[in-house]
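Participant: Sharing a structure here in structure tokens format.
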Amino acid sequence: MAPFQTFIGLEIHIHLLTKTKVFCSCRSAFGDPPNTNVCPVCLGYPGVLPAVNREALKMAYMVGTALNCDLSMHTVFERKNYFYPDMPKNYQISQFSDPVGRGGWFEFETGGKIKRISFHDIHLEEDAGKMIHDGSRTLLDYNRAGTSLLEIVTNPDFSSGEEAEDFLQAFRRLVRYLGVCDGNMEEGSLRCDANISINRQGKGLGTKVEIKNLNSSRFVRKAMAYEYRRQAKTLKLGGAIVQETRLWNEEKQKTQNMRTKEAAHDYRYFPEPDLPPFCPDEGFLMGVAEAVPELPFFRKQRFGRQYGLTAELADFIADEKFRADFFEVCVDEGADPAETAKWLKGEVAKQLARREADLEGSFLSSFRMAELMKLLGSGRIHANIGRQVLELVLDEDMDPVRLIEREEFAGSDDREALGPVVDQVLSNNREAVLQVRDGSQKALGFLMGQVLKTAGQQADPKLVRRILLDACHEESPARKD
């Protein structure tokens, strides 16, 4: 047993996918020219009045519902006072005493087991702007100032960086399913701060150290591993852990001091006088409940039970909501569930990657995928032709049946067409025929390769194998009609 027990909690910030900012009507979008999506409200001009974005509230309550939180029936906004150059009004409209939700729990897979973690709260606030350091000067872009930001604060329930990494990946999947955040950590739409403390086994929480602005789940794991080693070394030498805020330096693979840690009273929270409390009515709460879909953790489990998918296939299909919906429409259209899942994970994923495309934006509709699967299942075409048809669908925006007719693809049961090719191959490779009769799979594979090389991609490998086995075990290697 390790001498020290680890306690990790996460503070996750997600940009909500609202069209406008949380307290004004400015456009909310990543990548626009600097300082083009600003107005007197988000620039903090004197005398302006904020107005809360109702869609941001709905998305916040959706996340609270998905995380099993106790939703607030009276949520209020407060001013969190501090000076940052990228927050022009020198306070942030946030929540403290009455957030959107408290408590709650979430289950995810880690280390081959199911772990449940709990939450302190989730609260809605506005984001700050962005500082761009350019040599000896710093530039300020206020496009992000005022963007809808939801903060999710977990309790210190994680015992390792690996658990925290697995949770972040599951949480990213969740918010993408809900349609409230794109989960792009590279662009900053999902950011994470991690709090870690260690102590002797059974002694409870130690002194907390915060690691700020981790924009990768992998960085979370690595930063937590480094901090455990650093803090354990300090305690073993009889030192004391200082409560502080640190940053992860990826280049040096270590954390570095940023500043001493603020406490809640340092922010001097007080009620935002320009925003009344929000008290959700029955209609609002019904709309939230209806907007929350079946969540990915439970959908994956259902796919295994209902469709007999392996854990690996179920995980892949359920990973993205569009893909999972696409799959179920295919099955409803009559496609075989297991084969459809295999093709989506295999050939479809490969062809999309080759084109640097995604399923949602491709010409492959769920109807076309179902049609292709039914053609394969009926034996009208085989896998090699299916791959060619798939490529043509992705490139030409046409239905599979029309493509098969246009290309005059051969059927998979065309023994007559394959017969002469098989005869010639067997005649040229008598020793391999004898080896096949003795049970050699290597020799059989060699003969199949020779037939397929001559017959081309329209030949069905399964049919070729059957014909070869029949012919090799006859008294003379001749074609069986």
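The values are calculated or read from the model by the stated rules, or taken from the named source; none is laboratory data. On a predicted model such as this, the values are computed, not experimentally measured, just so you know. Glycine gets a Cβ as well: all are built from the backbone with ideal geometry, and neighbour counts include every protein chain shown.
Participant: So which of ALA194, ALA128 ends up being farther than 30 Å from GLU360 by Cβ, assigned to a loop (DSSP other than H, G, I, E, B) and out of contact with any Ser or Thr (no Cβ under 8 Å at 6 or more places or on another chain)?
Facilitator: Numbers: ALA194 fails: assigned to a loop (DSSP other than H, G, I, E, B).
Of the residues listed, the single one that is farther than 30 Å from GLU360 by Cβ, assigned to a loop (DSSP other than H, G, I, E, B) and out of contact with any Ser or Thr (no Cβ under 8 Å at 6 or more places or on another chain) is ALA128.
Participant: Can you tell me which residue in the range 127-163 is surrounded by the most Cβ atoms within 10 Å (Cβ to Cβ), limited to those that are acidic (Asp, Glu) and within 24 Å of the chain's Cα centre (by Cα)? Break it down stepwise before answering.
Facilitator: To start, the set of residues in the range 127-163 that are acidic (Asp, Glu) comprises 127, 134, 141, 151, 157, 162-163.
In the following step, the residues that additionally are within 24 Å of the chain's Cα centre (by Cα) were identified as 127, 151, 157, 162-163.
Working: ASP127: 24, GLU151: 20, ASP157: 19, GLU162: 15, GLU163: 20.
Filtering first and then ranking leaves ASP127.
Participant: How about the range 54-90: which of its residues are aromatic (Phe, Trp, Tyr), surrounded by fewer than 21 Cβ atoms within 10 Å (Cβ to Cβ) and modelled with pLDDT of 90 or more? Let's see the steps before the verdict.
Facilitator: The first filter runs over the range 54-90 and keeps only residues aromatic (Phe, Trp, Tyr), leaving 61, 77, 82-84.
Now narrow it down to the ones that are surrounded by fewer than 21 Cβ atoms within 10 Å (Cβ to Cβ): 82-84.
Scanning the range 54-90 gives no hits.
Participant: Please work out which one of (1) within 26 Å of VAL288 (Cβ to Cβ); (2) at pLDDT below 95; (3) surrounded by fewer than 16 Cβ atoms within 10 Å (Cβ to Cβ); (4) not aromatic (Phe, Trp, Tyr) is the condition GLY204 fails and give its number.
Facilitator: GLY204 satisfies every listed condition except (1).
So that you can scan it fast, the table gives a plain yes or no per residue for (1) of a type outside the set (Val, Ile, Thr); (2) closer than 30 Å to GLU282 by Cβ; (3) out of contact with any Ser or Thr (no Cβ under 9 Å at 6 or more places or on another chain):
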{"position": "PHE4", "(1), (2), (3)": "yes, no, yes"}
{"position": "PHE7", "(1), (2), (3)": "yes, no, no"}
{"position": "THR18", "(1), (2), (3)": "no, yes, no"}
{"position": "LEU43", "(1), (2), (3)": "yes, no, yes"}
{"position": "VAL48", "(1), (2), (3)": "no, no, yes"}
{"position": "ALA60", "(1), (2), (3)": "yes, yes, no"}
{"position": "GLY64", "(1), (2), (3)": "yes, yes, no"}
{"position": "THR75", "(1), (2), (3)": "no, yes, yes"}
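Participant: Next question. When only residues in the range 91-111 that are surrounded by fewer than 16 Cβ atoms within 10 Å (Cβ to Cβ) and touching a helix residue (DSSP H, G or I) at 6+ places or on another chain (Cβ under 9 Å) count, which is modelled with the lowest pLDDT?
Facilitator: GLY111
Participant: Only one of (1) modelled with pLDDT under 80; (2) surrounded by 15 or more Cβ atoms within 10 Å (Cβ to Cβ); (3) closer than 30 Å to ALA324 by Cβ fails for GLN388. Which number is that?
Facilitator: The single condition GLN388 does not satisfy is (1).
Participant: Among (1) surrounded by fewer than 20 Cβ atoms within 10 Å (Cβ to Cβ); (2) in a helix (DSSP H, G or I); (3) in contact with a Phe, Trp or Tyr (Cβ under 9 Å, 6 or more places away or on another chain); (4) not hydroxyl-bearing (Ser, Thr, Tyr), which single condition is ALA51 missing?
Facilitator: Going through the list (1) surrounded by fewer than 20 Cβ atoms within 10 Å (Cβ to Cβ); (2) in a helix (DSSP H, G or I); (3) in contact with a Phe, Trp or Tyr (Cβ under 9 Å, 6 or more places away or on another chain); (4) not hydroxyl-bearing (Ser, Thr, Tyr), ALA51 breaks only (2).
Participant: Only one of ALA240, ALA289 is assigned to a helix (DSSP H, G or I) and surrounded by fewer than 17 Cβ atoms within 10 Å (Cβ to Cβ); which? Give the derivation first.
Facilitator: Values: ALA240 fails: assigned to a helix (DSSP H, G or I).
Unique residue meeting the criteria: ALA289.
Participant: Turning to a different aspect of this structure: What number of residues in the range 172-188 are surrounded by fewer than 21 Cβ atoms within 10 Å (Cβ to Cβ) and either polar (S, T, N, Q) or assigned to a loop (DSSP other than H, G, I, E, B) (or both)?
Facilitator: Here the count works out to 8.
Participant: A further question follows. What about ASP166, is it in contact with a Ser or Thr (Cβ under 6 Å, 6 or more places away or on another chain), assigned to a loop (DSSP other than H, G, I, E, B) and in contact (Cβ under 8 Å) with a residue 24 or more places away in the chain? Lay out the reasoning, then the answer.
Facilitator: Working: in contact with a Ser or Thr (Cβ under 6 Å, 6 or more places away or on another chain): yes; assigned to a loop (DSSP other than H, G, I, E, B): no; in contact (Cβ under 8 Å) with a residue 24 or more places away in the chain: yes.
Taking the combined requirement at face value, the residue does not satisfy it.
Participant: So, one more: Taking the range 138-161, which residues are in contact with a Gly (Cβ under 8 Å, 6 or more places away or on another chain), in a loop (DSSP other than H, G, I, E, B) and hydroxyl-bearing (Ser, Thr, Tyr)? Full working, then the answer.
Facilitator: Initially, the range 138-161 is screened for residues in contact with a Gly (Cβ under 8 Å, 6 or more places away or on another chain), giving 140-145, 153-158.
Those left that are additionally in a loop (DSSP other than H, G, I, E, B): 142-145, 155-157.
The answer is TYR142, and nothing else.
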